[in-house]
Amino acid sequence: MTFHLVHIPPRRAPAGVRVLLHGHTHVPGDEIDATGTRWLNPGCISYPRAGVRSFAWLTADAGRFRWELVKL
């Protein structure tokens, strides 16, 4: 499984990326686009937008991963 980590989310995921982790918006998110790429955003603790303070745990092992969004 290929991950891509970037601050500002691109318009589309780079070729071959299955999971794209991004920030910048300060809004937590977990979406799957039309290509099957999963877009994850942990949100923000210090300057949240949309009124939600959050962070996330990402655990990856043996080709699988677990994403846990924690709202404060």
³J(HN,Hα) computed for each position of segment 8-18 - Karplus, 6.51 cos²θ - 1.76 cosθ + 1.60, integer Hz, glycine/proline x: 8, x, x, 5, 9, 5, x, 4, x, 7, 9
Charges at C-beta only: +1 for Lys and Arg, -1 for Asp and Glu. How large is the resulting dipole of segment 3-71 about its Cα centre, in Debye rounded to 20? 80 debye
If contacts are Cα pairs under 8 angstrom and at least 6 residues apart, what is the relative contact order of segment 3-71 in percent? 22 percent
What's the FRET efficiency of Thr2 with Ala50 using the Cβ-Cβ distance as r and R₀ = 22 Å, to the nearest 0.05? 0.15
Along each of the three principal axes of the Cα atoms of the chain, give the extent in whole Å, ordering the values from largest to smallest. 33, 28, 18
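None of the figures in this text is laboratory data; all of them are computed from the coordinates on show. It should be emphasised that the depicted structure is a prediction, and the values quoted were computed from it without experimental measurement. With ideal geometry, Cβ positions are generated from the backbone for all residues, glycine too; neighbour counts draw on all protein chains shown.
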